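Below: one structure, written as structure tokens.
FYI, it's all coordinate maths here, none of it is from the lab. Fair warning: this is a prediction, and the values are worked out from it, not measured in the lab. Positions of Cβ are generated from backbone atoms using ideal geometry, with glycine treated the same way; all protein chains shown enter the neighbour counts.
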Amino acid sequence: MFNPSQQDVRRFFCETARKQRANEILTPLEAIAADWIVQHPEYTDALADPEAALAADYSVENGQSNPFLHLSMHLSIAEQLSIDQPPGIRAACQSLAQRLGDEHAAHHRMMECLGEMIWSAQRNGLPPDAATYLDCIRRNR
């Protein structure tokens, strides 16, 4: 199982952004990440300086969103959709995107459901509940 550290994740996104700016060849995973990086220009500065990225504190107490967590969630959802895992997520996303008229907005709503599922699983010491996750996406308006 792939289990990158916080530093690995931050380096990955910073390096992907650098390669994209330099028009270098991207791996397939980097290409997917680059698509989301482009859709989040507000993260340009955070991705431009790998050393600052490694040192940055995005704790809740500091009141700023974590661009690396946000992009990681986009990447996770993109992977889920590509393999339709959990089964039915692709159709749920398509339905949500159609209702909202925007795939990016649908991903953001799905992130809320994904975050809730992960938080609940961790809090209760249980595995993630795919059925609850899908129900949340389907109920999302």
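So which GluC sites (Glu not before Pro) in the range 1-90 pass both tests, a DSSP loop state and at most 11 other Cβ atoms within 10 Å of the Cβ? Don't jump to the answer; show the numbers that get you there.
Working: sites: 15, 24, 30, 42, 51, 61, 79; in loops: 24.
Hits after loop and neighbour filter: 24.
Rounded to the nearest Hz, the phi-derived 3J(HN,Hα) couplings of the range 14-26 under the Karplus curve 6.51 cos²θ - 1.76 cosθ + 1.60 (θ = phi - 60°) are 5, 5, 4, 4, 4, 4, 5, 4, 8, 6, 8, 5, 9, where x marks glycine and proline.
Mean sequence separation of contacting Cα pairs (under 8 Å, at least six apart), scaled by the length of the range 1-140, corresponds to a relative contact order of 18 percent.
Binning the C-alpha pair distances of the range 11-61 at 10 Å intervals from 0 yields a P(r) profile of 26, 53, 19, 3 %, listed from the shortest bin outward. Taking every C-alpha pair closer than 8 Å and separated by at least 6 residues, the mean separation divided by the residue count of the range 84-141 gives a relative contact order of 41 percent.
State the extension gain, in nm to one decimal, for the chain segment bounded by residue 95 and residue 7, taking 0.36 nm per residue of separation less the distance between their alpha-carbons. List each step's numbers first, then the result.
Working: separation 88, 0.36 × 88 = 31.68 nm, distance 3.52 nm.
Residue separation times 0.36 nm, minus the Cα-Cα distance, leaves 28.2 nm.
Pairs of C-alpha atoms in the chain farther apart than 18 Å represent 60 percent of all such pairs.
Calculated over the range 84-141, the projected area of the Cα convex hull averaged across directions stands at 3.5 nm².
Per residue, the chain reaches -22000 deg cm²/dmol at 222 nm when only DSSP H runs of four or more residues are counted, each adding -39500 (n - 2.57).
When both the range 84-102 and the range 1-42 are represented by their alpha-carbon centers, they are found 24 Å apart.
Computed from phi, the 3J(HN,Hα) profile of the range 132-138 under the Karplus parametrisation 6.51, -1.76, 1.60 (θ = phi - 60°) reads 5, 4, 5, 4, 4, 5, 5 Hz, with x in place of Gly and Pro. Isolated cysteines in the chain, defined as those with no second cysteine Cβ under 4.7 Å, comprise 14, 93. A Förster radius of 25 Å combined with the Cβ-Cβ distance from residue 129 to residue 65 puts the calculated FRET efficiency at roughly 0.50.
Simple spin-label estimate for residue 23 and residue 38 gives 1.4 nm between the two label positions (7 Å along the Cα-to-Cβ direction from each Cα).
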